[in-house]
Amino acid sequence: YDITVDNLAVAKSNTSISFSSKTAGIATLTGAGGTPKAGTFTLNGESVTIEVGDSLEDIVSKINSTSSNSDTRASIIQVGDAEFKLRLSATNTGTANSYTTGGDATVFNSMFTGVGASSQAAENAQITINGS
């Protein structure tokens, strides 16, 4: 058999705008898109409530506490001396495992939309066997 991997499966992910601290409350943070907003958004129907005093570390803990039901995980990436990003990703690859967001879109968007934010759509694996 002649097998070619045309595409590797990819998990959906979002990477936030940059923030100046991972431990300061969001009311004091300034990101590339402004200050993150407090409120509630959902990941695959699981509520995540962000409060003014929450830090990026707190937000990661809140998102990860829903992981078993929302099939998402969060982490903090340090991209500079005082520059941090929040990364959200599906726990499994492929389009069937993509997550949806809901609730107060302004809360999610205040972190994941703006200069420096990025997203990766979920993709399925694809192979070709014997040329077809």
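The values are calculated or read from the model by the stated rules, or taken from the named source; none is laboratory data. What you are looking at is a predicted structure, and each value in this text was computed from that prediction instead of being measured. Every residue, glycine among them, receives a Cβ derived from its backbone with ideal geometry; neighbour counts consider all protein chains shown. When the accessible area is computed, the model is the full protein with side chains, heavy atoms only, and any ligands, DNA or RNA have been set aside. Shrake-Rupley method; radii C 1.70, N 1.55, O 1.52, S 1.80 Å.
Listed here are the residues, each with its yes/no results for (1) open to solvent by 60 Å² or more (accessible area, probe 1.4 Å); (2) not in a helix (DSSP H, G or I); (3) not small (Gly, Ala, Ser).
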{"position": "40", "(1), (2), (3)": "no, yes, yes"}
{"position": "57", "(1), (2), (3)": "yes, no, yes"}
{"position": "61", "(1), (2), (3)": "yes, no, no"}
{"position": "68", "(1), (2), (3)": "yes, no, no"}
{"position": "73", "(1), (2), (3)": "yes, yes, yes"}
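Yes or no: the range 7-14 includes at least one residue that is at pLDDT 90 or above and over 30 Å from residue 129 (Cβ atoms).
yes
Looking at the structure I just gave you, is residue 68 polar (S, T, N, Q) and either out of contact with any Phe, Trp or Tyr (no Cβ under 9 Å at 6 or more places or on another chain) or at pLDDT below 95 (or both)?
Taking the combined requirement at face value, the residue satisfies it.
Look through the range 101-124, keep the residues that are part of a loop (DSSP other than H, G, I, E, B) and at pLDDT below 95, and return whichever of them is surrounded by the fewest Cβ atoms within 10 Å (Cβ to Cβ).
Among residues in the range 101-124 that are part of a loop (DSSP other than H, G, I, E, B) and at pLDDT below 95, the one surrounded by the fewest Cβ atoms within 10 Å (Cβ to Cβ) is 115.
What's the number of the only condition in (1) open to solvent by less than 70 Å² (accessible area, probe 1.4 Å); (2) assigned to a strand (DSSP E or B) that residue 87 fails to meet?
(1)
Among (1) closer than 14 Å to residue 14 by Cβ; (2) under 12 Å from the mean Cα position of the chain (by Cα), which single condition is residue 64 missing?
Against the list (1) closer than 14 Å to residue 14 by Cβ; (2) under 12 Å from the mean Cα position of the chain (by Cα), residue 64 comes up short only on (1).
Okay, residues lined up against (1) of a type in the set (A, V, I, L, M); (2) out of contact with any Ser or Thr (no Cβ under 6 Å at 6 or more places or on another chain):
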site	(1), (2)
3	yes, yes
9	yes, no
14	no, no
18	no, yes
28	no, yes
46	no, no
55	no, no
58	no, yes
65	no, yes
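Within the bounds of the range 112-132, is there any residue that is within 30 Å of residue 3 (Cα to Cα) and acidic (Asp, Glu)?
There is at least one residue in the range 112-132 that is within 30 Å of residue 3 (Cα to Cα) and acidic (Asp, Glu).
Quick check on residue 52: is it closer than 20 Å to residue 27 by Cβ, among the aliphatic types (A, V, I, L, M), open to solvent by 70 Å² or more (accessible area, probe 1.4 Å) and modelled with pLDDT under 95?
Criteria met by residue 52.
So, residue 95, is that one touching a strand residue (DSSP E or B) at 6+ places or on another chain (Cβ under 6 Å), closer than 26 Å to residue 6 by Cα and not basic (Lys, Arg) or not? Quick ask: steps written out before the conclusion?
Numbers: touching a strand residue (DSSP E or B) at 6+ places or on another chain (Cβ under 6 Å): no; closer than 26 Å to residue 6 by Cα: yes; not basic (Lys, Arg): yes.
So residue 95 fails the test.
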